[in-house]
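Below is one structure, written out as structure tokens; the observations come after it.
The values are calculated or read from the model by the stated rules, or taken from the named source; none is laboratory data. A quick note: this is a predicted structure, and the numbers were derived from the prediction, not measured. We place every Cβ from the backbone using ideal geometry, glycine too, and count neighbours over all the protein chains shown. In case anyone asks, the SASA skips ligands and DNA or RNA and just uses the protein heavy atoms, side chains included. Shrake-Rupley method; radii C 1.70, N 1.55, O 1.52, S 1.80 Å.
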Amino acid sequence: MGDRVIENDPTAESNVHLDHLSPVVSAPSMQVQYSPPSLSRKPLLNLESAVVASRTPEQSRTSNFLTPLASPLRRAIQLTKLDAQDAWLPITESRKGNAYYAAFHTLCSGIGIQALVLPVAFPILGWAGGIVCLTVAFVWQMYTFYLLVKLHESTETGMRYSRFVQLFSITFGDKMGKIFALFPIMYLSGGACVALIIVGGSTLKLFMQIIWGAGTANTLTTVEWYLVFTSAAVLLSQLPNLNSIAGVSLIGAVAAIGYCTIMWVVAVTEGRVDGVSYDPLRAENKVTWIFDILNALGIIAFAFRGHNLTLEIQATMPSSEKNPSYKPMWRGVKVAYFIIAMCLFPLAIGGYWAYGQKIPENGGMLTAIYQYHGQDTSQAVLGLASSFVIINAVSSFQIYGMPMFDNMESQYTRRKKQPCPWWLRSLFRTMFGYGCFFIAVAIPFLGSFAGLIGGIALPVTFAYPCFLWLKIKKPKKFGIIWWLNWVLGLFGMVLSGVLTAAGVFVVIDTGVEVSFFKPH
């Protein structure tokens, strides 16, 4: 509301221009510095109060001939303006990112263990249904990814929204943000790290069995292998900010491409397993069959879960009016998702072609490779695939954990008005890593809830960006963009509800081997 007042007052625009040309700016800039934004504040109001506080009677009577230059100058200055707290937090501590970094981070977060279960959806959906649903989901999430990239910065207000929850809360209010955005975003970050510990620790044990034999690998229990993986992830998490892990993300992205390629190539070259069938599975009970289909859609939705990191990745880039950050960000995203498509589609189609209805529900391709080809495939190839899974898991842990690190440190900086000391930052990250380890040991059957997880997280990817665009950009009512976003947003929310219900039903109907503190 405050920005509309400034925009409608040409004198105010010239005032802002003069504010940045005169020494008067020092007092209000300190005011902004010590009013750091948080998820529960309105940065737009902070900017308004800073501008109003900096006015003087002499400035208020300035002629209007500077107005045409004032507005673009104000926007250019504010787009690159950093709040003190932003300069202290790991996501926005460094603004030196580029298109390459964006591609590395997007690849590392976009390809992961969730891709390995994609073939599990095909026995229910069949060839045509599986390919169509995967294609529609890919195009849909690319569109919403583009919306988020464009929403990161506002040329009207000069604000940069560096965190998904922040953008959602400012747009729809703090209460709505806490109810609808905070849980799925934090769950996607924390839950992904727990899943990475489970997969990474188990694969680490498997890798040691391949390299040194079962006797050597069994000298440590599964829990101890989880601990070894977690310790490596925690050690690597001490890198200070999101830009500093660009190299880690590159290594993780290369590893993800490597194991996806190895798995579908091995599956295709080894040929179809005996007795393979491609007839879609149909439960005797029609209700069960419908819920099975919805659960399969949830598995596909679960494969596209990197949108909770979009704004954070873009926040690492510099921005100005002439060179807004969305340009290099979108270039990096397009390259990254072209490579992601070259991994996901062959993995899903090749895996289903090789195993059909016999694809293992628990573990997907990772389990199938060892179950069907463990004896007739080179141990070096299997070992390489396992090492790639481990490297990608420990790398992905860093980027998915970064929003959690940022959130923990923001609590300190908001109260103390100073950056976290190095020892406290290290303590936060260590506590988070070993907290995830505890959950991984306590709930090792978390992977059985892939469809349910996909339903809960679906709005972040498929629905929320559409509603944010409608609220912020206000496209022409009843126009094509208006209809497109309303249809996709509403359909995404409905789909989320039914997929969540389906995930719960499938878990109850099929049963889950509940083994608290007993990881296999």
Whole-percent carbon and sulfur share, accessible surface of the range 114-227, 1.4 Å: 74
Amide hydrogen neighbours beyond the local backbone of E153, cut-off 5 Å, H modeled: Y161
Cα-Cα separations in the range 326-370 greater than 16 Å, expressed as whole percent: 51
Residues with amide H under 5 Å from that of M317, placed H, sequence gap 5 or more: G97
Extension gain, F478 back to M142 (0.36 nm per residue minus Cα-Cα distance, nm): 118.7 nm
Local net charge near Q357, Cβ-Cβ under 14 Å (Lys/Arg +1, Asp/Glu -1): -1
Accessible-area composition of the range 240-299, carbon plus sulfur, in percent [1.4 Å probe]: 62
Phi to ³J(HN,Hα) by Karplus 6.51 cos²θ - 1.76 cosθ + 1.60 over the range 311-318, Hz, x for Gly, Pro: 5, 5, 5, 5, 5, 7, 9, x
Computed accessible area, D279, all protein chains, 1.4 angstrom probe, square angstrom: 100
Solvent-accessible heavy-atom area per residue, rounded to whole Å², over the range 303-355 at 1.4 Å: 31
Centre separation in Å (Cα based) which lies between the range 289-364 and the range 371-423: 17
The range 112-227 shape via C-alpha gyration tensor axes, a/c threshold 1.5: oblate
Estimated D of the range 152-285 in µm² per second, where Rh is the Kirkwood radius over Cα pairs and Stokes-Einstein applies at 10 °C, 1.306 mPa s: 81
FRET efficiency estimate (nearest 0.05) - Cβ-Cβ, L490 to K175, R0 22 angstrom: 0.55
Descending semi-axes in whole angstrom, ellipsoid equivalent of the range 210-256, from the Cα gyration tensor: 28, 14, 6
Solvent-accessible area per residue for the range 135-204 (1.4 angstrom probe, square angstrom): 31
The range 236-329: mean projected area of Cα convex hull, nm²: 11.1
Solvent-accessible area of E270 with every protein chain in place, 1.4 Å probe, in Å² to the nearest 10: 70
Accessible-area order (highest first, 1.4 angstrom probe) of the listed residues K474, K96: K96, K474
Accessible surface of I472 - all protein chains present, 1.4 Å probe, nearest 10 Å²: 60
Length-normalised contact order of the range 98-248 in % [C-alpha pairs under 8 Å, at least 6 apart]: 19
Cross-link pairs K178/K322; K178/K477; K175/K322; K150/K417; K322/K474 - those with Cα-Cα distance over 26 Å: K178/K322; K178/K477; K175/K322; K150/K417
Note, ³J(HN,Hα) from phi for the range 129-138, Karplus 6.51, -1.76, 1.60, rounded to Hz, x at Gly and Pro: x, x, 5, 5, 5, 5, 5, 4, 4, 5
Residues in the range 356-380 that a label on W127 would reach, taking backbone N under 18 Å of a point 7 Å out along Cα→Cβ: 356-359
Hz values of 3J(HN,Hα) by residue in the range 355-360 - Karplus curve (6.51, -1.76, 1.60), Gly and Pro given as x: 10, x, 6, 8, 4, x
For the range 356-395, fraction of C-alpha pairs farther apart than 12 Å, in %: 62
Label-to-label distance, nm, for residues given as S426 and T261 (7 Å Cα→Cβ offset): 3.8
Tensor-based shape of the range 79-170 (alpha-carbon gyration tensor, a/c under 1.5 rounded, otherwise prolate or oblate): prolate
Rg in Å to one decimal, and Dmax rounded to a whole Å, for the range 326-460 via C-alpha atoms: 19.8, 61
Computed lengthening from K334 to L220, 0.36 nm per intervening residue step minus Cα-Cα distance: 36.8 nm
